[in-house]
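Let me begin by presenting the structure, written as structure tokens, before commenting on it.
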Amino acid sequence: MTDPALGLRPATEADCERLLAWANDPDARASAIRCTAQIAFATHRAWFTARLADPCCRIWIIEHDGHPIGQVRLEGDRAAREVSIFVERGFRRAGIARAAIKQALAAFGGEAAVARVRNHNIASRRLFESLGFAIAASHSHVVVYRGSISDVPL
């Protein structure tokens, strides 16, 4: 990341409740692909524990001046890492998500990355397009983007 106040660190068990709060943020729920309902703690804890143990998944906490402000997750095999991103409202549209995704892709590697974005989520659609992702499929409510990791401008 180019801003020295920004950084990524690996998520740990201590981040479980923080990630649940972000997952249940009204904007995050409105943009969710699979389920727009609030997530229960027990459900989240099981999901989070499994992701931390999964060798095909990495979750990083995005920090600004040492304060957690979001997360970026890459999940899946090397052929197609799926990207998930969340940045707190006060830090959006400042290039943080773009920088975090670029750094995460560089760190975890792989051949390609995919992102599933709700059609109405124009900011996320522009984000992935700015990273060189192209529309691979379009469904009634979701656009699927695909990008070659080697083509993402680092």
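The values are calculated or read from the model by the stated rules, or taken from the named source; none is laboratory data. Here the structure is a predicted model, which is why all the values come from computation and not from measurement. Note that we place each Cβ from the backbone using ideal geometry, even for glycine, and neighbour counts take in every protein chain shown. To get the accessible areas, we keep the full protein, side chains included, count just its heavy atoms, and leave off ligands, DNA and RNA. Shrake-Rupley method; radii C 1.70, N 1.55, O 1.52, S 1.80 Å.
Annotations for the structure displayed:
- Number of residues in the range 103-145 that are open to solvent by 20 Å² or more (accessible area, probe 1.4 Å), touching a residue at least 60 places away in the same chain (Cβ under 8 Å) and within 26 Å of Pro55 (Cβ to Cβ): the value is 3.
- Out of Ala42, Ala37, sole residue that is of a type in the set (A, V, I, L, M, F, W, C), in a helix (DSSP H, G or I) and surrounded by fewer than 17 Cβ atoms within 10 Å (Cβ to Cβ): Ala42
- Those residues of the range 17-27 which are surrounded by 15 or more Cβ atoms within 10 Å (Cβ to Cβ) and within 23 Å of Ala53 (Cα to Cα), in sequence order: Leu19, Leu20, Trp22, Ala23, Asn24
- Count of residues meeting criterion [assigned to a loop (DSSP other than H, G, I, E, B) and either at negative phi or buried (at least 20 other Cβ atoms within 10 Å of the Cβ) (or both)] in the range 62-90: 5
- Looking across the range 91-105, the residues that are aliphatic (A, V, I, L, M) and at pLDDT 90 or above come down to Ile96, Ala97, Ala99, Ala100, Ile101, Ala104, Leu105.
- Yes/no for Phe41 being under 19 Å from Asp25 (Cβ atoms) and in contact with a Cys (Cβ under 9 Å, 6 or more places away or on another chain): yes
- All of (1) in a loop (DSSP other than H, G, I, E, B); (2) farther than 18 Å from Val117 by Cα; (3) among the basic types (Lys, Arg) hold for Arg93 with one exception: (2).
- Options Ala30, Ala50, Ala14; residue that is under 25 Å from Ala123 (Cα atoms), open to solvent by 40 Å² or more (accessible area, probe 1.4 Å) and in a helix (DSSP H, G or I): Ala30
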